[in-house]
Amino acid sequence: MSGRTYTQAGSVADAVAAMAAGARPVAGGTDLVVGARHGKSPLPQAMVGIHRIPGLDSIEVDPNGAIRIGALVSHAAILDSPLLAEQAPGLLDASAIVGSHATRANGTLGGNVMNASPAMDTGAPLLCLGAQAVLTGSSGTRRLGLDELWISPGRTAASADELLEAIELPAPSGAGARGSAYVRLQYRRQMEIAVVGAAAVVRLSADGGRVADAAVAITAVTPVIVRVSAAEACLVGADLSGGGEELEAALQAAGRAAAWAATPISDVRASLGYRTQMVAVMTRRAAAAAIARARGQQVRVPASDWSVVR
Amino acid sequence: MTVTDRVEQVFIRPDGKEKVTGAGRYTADLNLTGQAHAAFRFADHPHARITRIDTATARAMPGVFAVITHVDVPEIRYGGMVSDRHLFAHDVVRWEGDVVAAVAARTPELARAAAAAIEVDYEVLDPLPDFVANAEPGAPLVHADWQSYGGSRSMGRDGNILGRSTIVKGDADAAMATADVVVRGTYRADASQGAPIEPRAVIAQWTGDKVTVWTSTQVPFAARDGVAHTLGIPQSAVRVIVPLLGGGFGSKCDFHFEGHIAALARAARRPVKLVFSRREEFIAPDHRREGMLIELETGVMRDGRIVARRGRLTLDGGAYCGEGGFFAQMAAMHACGPYVLENVNVESRLVYSTNQPSASVRAPTAPQTCWALEQHMDAIAAAIGLDGAELRRRTLIEAGAVGPAGQVFGEVGAKQALEAALELIGYDDYLRGELPDDEAIGIACGWWPSMASPSGAYVKLNGDGTGVIITGAQECGSGAVMGLPLLAAAELGMRPEDFTLHYQDTDSGPWDMGASGSQTTFNNGRAVIEAAREVRAQLLELASQQLEIDAAELELADGVVRAAGSPDVAVSIADLAGSGTPLLGKGSGELPENPPGETSSCVGVLGMETFLAPQLITHAARVKVDRQTGVVRVMEFAAAHDSGVILNRIGADGQVYGGVLMGIGQALSEATWFDEQGRQRNPGLLDYKLQTASDAPPIHIRWIEIDTPNAGPRGSKGVGEPPSVPTPGAIANGIAKVIGRPVHELPMTAERVWSVAVDSLGLEWIDTSGKDPSA
């Protein structure tokens, strides 16, 4: 009646061909279908189901040490991955709090990334981990950093016929232990959307005495999720020995720098002023949790669950 | 009734399995052959005068069967306590959910498209969303013709003041002047919603001059009467059937959309089905919890004696009265609370605005007022150097105490409930400092009346000795109707599972006020017991003839009628029921009377100035506050209730679990926020934040079962609404202890808690208004 078409892709090539002909890809449907029902945007006239394409639902390590997460890997599968728990706990922090149990079972990492919402939970940890989007289209495969992929709220640099095949996390470089974390402000423990979020990835010096390298990104307070280099600079070099005063000062400074980088709005979820202050709090907490994990300390997933963690 | 009548039962409700397995059929699951789908055209402005409606374009759209407006229904005003509205607006729209037109079409999508295609011109009027300003003399009127409306004279209506009630006892002004300490507080509560998971659905089908309406209502007889009244047809021409109801929490009380859909089905000449979207479920019902401004002043002596209470309450009634006209008086009683007050002067006003109308949601007016009063009580305790529990211990009512309107209380379990809640939560450990700095325990006390109402039931036995209870009572999810077999079975010596229920059909059950006021067991339970007693008398008569034993020597037990003392001399109920003699009882029972009160100095007296068989409650909440963000979690909860004798523990506990969780939502996260025009800003479940199962704390429950004068069946009172009453207050008092200052806005959202904590805890404020130092 509506003239809508739905086809099932058996391969990436199938999907790309359908997309080149105007179809939109759908996997879990947790953004596309729910959004249409809420009148956000109507269902596309043509859709191609990609959820049965073989090979896109696995988490693998390639020979040079990069982790390849297939676009169809669900949040629930991320949570079940010992590899990611070891290498990228910050991503687990995010996947653990996306939507509800049902959303996490159906929703895919690829959908989350390509939806390009500035409030997506997985975005900030992926950005800090240096993730690349593997896009395959009619003219071949290319890799884009997520900072290049996200253009504006809901828009990516991928062309209409490019399918996200995977997210690649580069192999860690440099000596020293690494840790990552993602923390968001949440008013309840399920069915929540980020009001403010922050992720941090750190690498310690070989002796573990200092922060050697840091990445910080903030969620839901800028048009697209962004890294905050000023906050990163505050953390690099922080001395972890002694009574922790220097670390505390570095965390405070990083939080302030992140608050300055935020350009939040006021809406029904929070005022601009509250959001700005919360950027500092979330950034401090994410950085503290990432450093704690790098030092081998136990920080439960999800790190946002302050009432259990603290 | 005495506590010795207690029935020791744990009875699993018969509708439980179909609900939890998804097998249950709700109104939206039903489909009739040839049905059309309905959509409404709602007001395009919250306040405007309609200057033109043109439905020609919509009517001409393919697949559209009918488009109706005010010209297609009789010009009849209706309303629960004041007749202040029409089915379809034809002069002024007074809130964004006012219905201007309705469409029946082949699909829901077509119906919506056609509704959007109706041309409506307006002269836009200034919205009047500020209910406090609307109460001022000379404020622009929401209803210019209010004097011409039919409605209760005792409400104290005057212009925008929809209801005004006072409670006056002694001389509060004089007593205030003698108090050792006077404490004042101003509190603001936002509107909230019942938010049932089942959105509203209505299906209407005409057969000749008679219409059958399937609808998700808590009050089928009010729905039936509303259809008959607004369409000008006899009540006998309307049959209302309620399939399984997926929650209501009060918001599905009153007549809502059954009249619109019945009129639409008549015009479309086919069955018509309406199912609301989630957004419509927020916007369109004339039924949400009222926003309030609560001003309290209390004079107290150093020993805790409360010598005077003054209060002024202003409630947002919204655009129309509905059945919420009693709110002013109910709120005034909750501003007094279950305390001994020597002198009282409370004034309460329910005010029209161009916001969504407010009407009953679980314990209307009580959670907000109790939240304010219980914070006020903690402030009073602090002012005289007492612990909050100790102040309550000294001032809660007990037998012989005199209520604010002169009622003399009989046995009440207020003090027992307080001590029980303190024990359950470990209050002594808290006072000894055994909690972390970011945790504290808050307590709050409250009350709620039992409500007497006529009700009726039939009980009949089948030929095999099973039975049917035919009742007019409505099940709203509380399980009250589901528990009726317990009462019939106890009278007849049968098992509750021997009975099935026939209910939620206005053509078969006797009149009942519906699932409201926590009164189904109180009133319909009484009716079922009386109906069962008629059957019992019939069984005894039959058995007496068969056994040739005087009926007075017989007893009913274990499915037989037997000689007392000689259990072998017996005849089974199944044999008696199969003998061909009809076994059929009917009952309504004698209505308990409200306690007398001294109300000569009060206005707006509607029968709630005294509380029949009051239910007394103390809640205690252990809260943890994230002091850097203001996010609050309730870690542990204790609820002690005097609800009289508990007839079915599992069902009563369920009401507390649900009521507490709903109260946590109202305390922390649930609010309907209006913009400056009076439009809802968060009409969806992402931003209207219900609590989830993951947020639920462990909830410890203690029932204070005392012998209550004028109680309901077997010494019971009500249990449905009280668990909502003191929950926000208990949480508020816990938060205030952690952050050092109270939060006087409800809900106590993270941002509001944090805003108070910024000052009281001296949190850092990063000023990003200047130049970025790192740039």
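The values are calculated or read from the model by the stated rules, or taken from the named source; none is laboratory data. Just so it is clear, the structure is predicted and the values come from calculations on it, not from any experiment. Heads up, the Cβs are rebuilt from the backbone with ideal geometry, glycines too, and the neighbour counts pull from every protein chain shown.
Observations
- Residue within segment B:639-652 that is crowded, with 20+ Cβ neighbours inside 10 Å, assigned to a strand (DSSP E or B), within 12 Å of another protein chain (Cβ to nearest Cβ) and in contact (Cβ under 8 Å) with a residue 60 or more places away in the chain present: no
- Any hit, segment B:695-716, residues being within 14 Å of another protein chain (Cβ to nearest Cβ), part of a loop (DSSP other than H, G, I, E, B) and free of Cβ contacts under 8 Å to residues at least 24 places away in the same chain: no
- Helices (runs of 4 or more DSSP H) lying entirely in segment A:20-100 (those with 2 or more residues that are touching a residue at least 24 places away in the same chain (Cβ under 8 Å)): A:75-79, A:82-87, A:89-95
- Residue that is in the same structural domain as B:Gly580 (by TED's automatic domain parsing) and in contact with a helix residue (DSSP H, G or I) (Cβ under 8 Å, 6 or more places away or on another chain), where the choices are B:Gly517, B:Gly525, B:Gly477: B:Gly525
- Test: A:Ile69 is more than 12 Å from the chain's Cα centre (by Cα) and crowded, with 24+ Cβ neighbours inside 10 Å: yes
A quick yes/no check of all residues on (1) touching a Pro at 6+ places or on another chain (Cβ under 6 Å); (2) over 30 Å from B:Leu661 (Cβ atoms); (3) assigned by TED's automatic domain parsing to the domain that holds B:Leu341; (4) of a type in the set (A, V, I, L, M):
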position: B:Thr215; (1), (2), (3), (4): no, no, no, no
position: B:Pro220; (1), (2), (3), (4): no, no, no, no
position: B:Gly232; (1), (2), (3), (4): yes, yes, no, no
position: B:Ala237; (1), (2), (3), (4): no, yes, no, yes
position: B:Val240; (1), (2), (3), (4): yes, yes, no, yes
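- Just one residue in the set B:Lys689, B:Lys771 is charged (D, E, K, R), in a loop (DSSP other than H, G, I, E, B) and surrounded by fewer than 20 Cβ atoms within 10 Å (Cβ to Cβ); that residue is B:Lys771.
- Search result, residues across segment A:185-211 that are facing chain B (nearest Cβ under 8 Å) and at positive phi: A:Met191
- Listed conditions (1) in the same structural domain as A:Gln297 (by TED's automatic domain parsing); (2) of a type outside the set (Asp, Glu); (3) modelled with pLDDT of 95 or more are all met by A:Gln190, apart from (3).
- Any hit, segment A:220-235, residues being without any contact (Cβ under 8 Å) to a residue 60 or more places away in the chain, acidic (Asp, Glu) and away from chain B (no Cβ under 13 Å): no
- Verdict on B:Leu435 being within 14 Å of another protein chain (Cβ to nearest Cβ) and either closer than 18 Å to B:Ala730 by Cβ or assigned to a helix (DSSP H, G or I) (or both): yes
- Only one of B:Leu487, B:Leu501, B:Leu540 that is touching a helix residue (DSSP H, G or I) at 6+ places or on another chain (Cβ under 9 Å), in a helix (DSSP H, G or I) and closer than 30 Å to B:Pro614 by Cβ: B:Leu487
- Only one of the numbered conditions (1) out of contact with any Asp or Glu (no Cβ under 7 Å at 6 or more places or on another chain); (2) buried (at least 24 other Cβ atoms within 10 Å of the Cβ) is not met by A:Tyr182, and that is (1).
- 1 or more residues among the hydroxyl-bearing types (Ser, Thr, Tyr): qualifying strands (runs of 3 or more DSSP E) within segment A:156-246: A:178-184, A:211-219
- Candidate set from segment B:730-768 (those that are within 11 Å of chain A (Cβ to nearest Cβ) and of a type in the set (D, E, K, R)); member that is surrounded by the most Cβ atoms within 10 Å (Cβ to Cβ): B:Glu751
- Enumerated helices (runs of 4 or more DSSP H) restricted to segment B:320-425, each holding at least 1 residues that are more than 21 Å from the chain's Cα centre (by Cα) and crowded, with 22+ Cβ neighbours inside 10 Å: B:366-383, B:388-395, B:414-425
- Selection status of A:Arg256, facing chain B (nearest Cβ under 8 Å), outside any loop (DSSP other than H, G, I, E, B) and either among the basic types (Lys, Arg) or more than 16 Å from B:Trp765 (Cβ to Cβ) (or both): yes
- Unmet criterion (only one of (1) of a type outside the set (Asp, Glu); (2) modelled with pLDDT under 95; (3) farther than 21 Å from A:Gln132 by Cβ) for A:Ser173: (3)
- Consider segment A:1-32 and keep the residues that are among the charged types (D, E, K, R) and over 20 Å from A:Val113 (Cα atoms). The one that is farthest from the chain's Cα centre (by Cα) is A:Arg4.
- When residues of segment B:667-686 are limited to those that are of a type in the set (A, V, I, L, M) and crowded, with 18+ Cβ neighbours inside 10 Å, the one nearest to the other protein chains (Cβ to nearest Cβ): B:Leu668
- Only listed residue being surrounded by fewer than 17 Cβ atoms within 10 Å (Cβ to Cβ) and modelled with pLDDT of 95 or more, chosen from B:Glu491, B:Glu497, B:Glu530, B:Glu553: B:Glu553
- Qualifying position, being farther than 25 Å from A:Ala194 by Cα and at pLDDT 95 or above, among A:Leu92, A:Leu129, A:Leu72, A:Leu135: A:Leu135
- Any chance B:Arg164 is on the phi < 0 side of the Ramachandran plot, surrounded by fewer than 20 Cβ atoms within 10 Å (Cβ to Cβ) and basic (Lys, Arg): no
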